[in-house]
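The values are calculated or read from the model by the stated rules, or taken from the named source; none is laboratory data. What you see is a predicted model, and the numbers here were worked out from it, not measured in a lab. Counting neighbours? That spans all protein chains shown, and the Cβs are built from the backbone with ideal geometry, glycine included.
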Amino acid sequence: MIMAEMQDQDAATSRERSRPQAPSVALMHFGLMLAGLGTALLGPILPLLARQWQMVDSQSGLLMMAKFCGAFLGGITVSQKLNRSLLIGLLSGLVGFGGFALSPSMGIGCVGLFIGGFGLGQIITSVNILAGRRFTAHRGSALSLLNFSFSLGAMLSALLTAWLLPRFTLRVVLEDFAGLFAVGVFILSIQMRMDQSIPKNIGGAPIETAPKTGLGSRQYLYFAALLVLYGGLETCLSGWLTTFALRYGDRTLAVSEYTTLLLWMALTFGRLGASATMLRIGEKTVQRWSLALAAIFTAALAMSHSAITIAVFAVLLGLSLAPFFPATFAMLMAERPTARQAGIVVAVSGLGAAALPWTMGVVSSKTGSLQLALILPFVAALGLLGLSLFPPRAHHAAD
């Protein structure tokens with residue numbers, strides 16, 4: 001009798017542990033794919049918007065600043081209830097990018113991008129913290145695989161823009177993009193109602209139960225500095241590459257958009273390679289090699305004067321940058337930050353993503369050379385490499 005009761009209890013426990021948890025892994029991938037689409041959205045359409053709203057480079061940079069300032073605010077306001085933050089992020093993406101689609105001017109467009117960026121910050125931060133807590137074995141590899149979907153979305157942004165804009169108006173394309181957030185809201189709402197809010201096993205990966213003791217001050221500043229510089233580096237390259245290729249590659253807008261696509265394709269499939277690599281090589285080693293190569297290829301891109309060389313270095317930059325965020329975030333989660341601390345560290349990447357591309361636009365306008373403005377992402381890559389060589393002592397080394 002007792003044995004039968006124990007077997008029934010074990011079976012019930014097994015059912016509870018295998019019950020789907022909100023958000024599902026599939027929805028996490030979908031959310032990050034939308035975030036990737038939204039993050040890379042401006043790069044391929046920036047020349048079109050500049051012509052439509054008669055903007056100079058410094059004004060184009062304001063659009064990027066608005067979106068990434070919103071992303072920063074979204075990241076630092078992530079709730080301890082991460083499911084709710086993900087839902088707010090999806091709703092904000094729907095409202096913000098829907099408003100951007102209907103914007104008649106740059107000023108109103110900035111407001112829409114700010115709201116949409118807020119949603120992106122909530123989505124990226126909440127999903128990465130959830131994943132960092134669920135997947136503790138080979139965390140860097142797991143995060144790299146999950147962020148493959150983010151890069152896939154960014155890649156699709158360039159691909160779909162080049163394919164759809166000759167066939168549909170920009171407004172229609174942006175409205176359809178906003179509609180995808182509504183799909184995410186609907187699915188997450190159903191999953192949250194079904195969720196029993198109990199600890200469960202997701203895909204065989206146990207949820208991290210160690211106490212979140214928080215980051216030390218030096219670790220906090222260190223990871224924040226890494227993410228600020230990386231946010232600026234990646235966005236400078238992805239945001240300005242289409243414009244750079246159009247000016248210096250002597251090609252049409254459509255071909256220039258495919259250059260940005262090459263960058264995101266390399267970043268996307270590089271994440272798959274990084275996931276396999278970090279099963280065998282430590283995150284710190286992968287991170288440092290990534291940054292060293294990124295600095296070299298950024299300098300080479302600035303000196304390129306043909307469409308072919310620009311395309312080649314776009315691919316090499318994508319491959320070199322692919323491992324950085326998963327490796328760095330895995331190192332961050334190993335320090336057991338609180339949800340608020342992890343959220344702020346991820347969110348500050350939005351500050352770099354807002355400031356450096358805007359500064360690039362200002363430098364380009366004042367000097368008349370977008371090539372000269374590429375010194376900013378080059379310096380950012382060197383700064384990241386320097387930081388990676390001198391990490392602070394692990395806060396929990398004695399645990």
Within the stretch 317-349, how many residues are modelled with pLDDT under 85, farther than 14 Å from residue 124 by Cβ and assigned to a loop (DSSP other than H, G, I, E, B)?
-> 4
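Taking into account only those residues within the stretch 359-376 that are out of contact with any Ser or Thr (no Cβ under 7 Å at 6 or more places or on another chain) and farther than 15 Å from residue 229 by Cβ, which is surrounded by the fewest Cβ atoms within 10 Å (Cβ to Cβ)?
Of everything passing the filter in the stretch 359-376, 368 is surrounded by the fewest Cβ atoms within 10 Å (Cβ to Cβ).
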Every pair of residues 6+ apart whose Cβ atoms lie under 6 Å, when the first sits in the stretch 304-329 and is in contact (Cβ under 8 Å) with a residue 40 or more places away in the chain and surrounded by fewer than 20 Cβ atoms within 10 Å (Cβ to Cβ) while the second is of a type outside the set (Val, Ile, Thr) and not in a helix (DSSP H, G or I) = 307/249; 307/251
Selection status of residue 123, at negative phi, surrounded by 24 or more Cβ atoms within 10 Å (Cβ to Cβ) and at pLDDT 90 or above = yes
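Consider residue 64 carefully, then state whether it is within 20 Å of residue 174 (Cβ to Cβ) and surrounded by fewer than 24 Cβ atoms within 10 Å (Cβ to Cβ). Steps first, please.
On the way: within 20 Å of residue 174 (Cβ to Cβ): yes; surrounded by fewer than 24 Cβ atoms within 10 Å (Cβ to Cβ): no.
In short, no.
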Scanning for something within 22 Å of the chain's Cα centre (by Cα), at pLDDT 85 or above and part of a helix (DSSP H, G or I), does the stretch 205-219 turn up at least one residue?
-> yes
Give the residue that is surrounded by the fewest Cβ atoms within 10 Å (Cβ to Cβ), with candidates limited to residues of the stretch 80-119 that are touching a residue at least 24 places away in the same chain (Cβ under 8 Å), within 25 Å of residue 338 (Cα to Cα) and not aliphatic (A, V, I, L, M).
-> 80
Within the stretch 270-291, track down each residue that is part of a loop (DSSP other than H, G, I, E, B), under 12 Å from residue 139 (Cα atoms) and not hydrophobic (A, V, I, L, M, F, W, C).
-> 282
Across (1) in contact with an Asp or Glu (Cβ under 8 Å, 6 or more places away or on another chain); (2) closer than 17 Å to residue 38 by Cα, residue 112 clears everything bar (1)
Does the stretch 278-285 contain at least one residue that is closer than 15 Å to residue 381 by Cβ and either surrounded by 24 or more Cβ atoms within 10 Å (Cβ to Cβ) or under 19 Å from the mean Cα position of the chain (by Cα) (or both)?
-> no
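Being among the aliphatic types (A, V, I, L, M), at pLDDT 90 or above and touching a Gly at 6+ places or on another chain (Cβ under 9 Å) narrows it down to one of 129, 88, 76, so name that one. Give the derivation first.
Details: 129 fails: at pLDDT 90 or above; 76 fails: at pLDDT 90 or above.
Being among the aliphatic types (A, V, I, L, M), at pLDDT 90 or above and touching a Gly at 6+ places or on another chain (Cβ under 9 Å) holds for just one of 129, 88, 76, which is 88.
So which of 299, 354, 347 ends up being under 17 Å from residue 132 (Cα atoms) and touching a residue at least 24 places away in the same chain (Cβ under 8 Å)?
Numbers: 299 fails: under 17 Å from residue 132 (Cα atoms); 354 fails: under 17 Å from residue 132 (Cα atoms).
Testing whether each residue is under 17 Å from residue 132 (Cα atoms) and touching a residue at least 24 places away in the same chain (Cβ under 8 Å) leaves just 347.
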Filter the stretch 94-107 down to residues that are assigned to a helix (DSSP H, G or I) and either at pLDDT below 90 or of a type in the set (Gly, Ala, Ser) (or both) and give me whichever is nearest to residue 47 (Cα to Cα).
-> 106
Long-range neighbours under 6 Å by Cβ, at least six apart or interchain, first residue among the β-branched types (Val, Ile, Thr) within the stretch 165-181, second surrounded by fewer than 18 Cβ atoms within 10 Å (Cβ to Cβ) = 173/164
Sole miss for residue 149 among (1) surrounded by 15 or more Cβ atoms within 10 Å (Cβ to Cβ); (2) out of contact with any Ser or Thr (no Cβ under 6 Å at 6 or more places or on another chain); (3) at pLDDT below 75 is condition (3)
Number of the condition not met by residue 168 [criteria: (1) modelled with pLDDT of 75 or more; (2) in a helix (DSSP H, G or I)] | (2)
If you go through the stretch 25-48, how many residues are more than 19 Å from the chain's Cα centre (by Cα) and either of a type in the set (D, E, K, R) or at pLDDT 85 or above (or both)?
-> 0
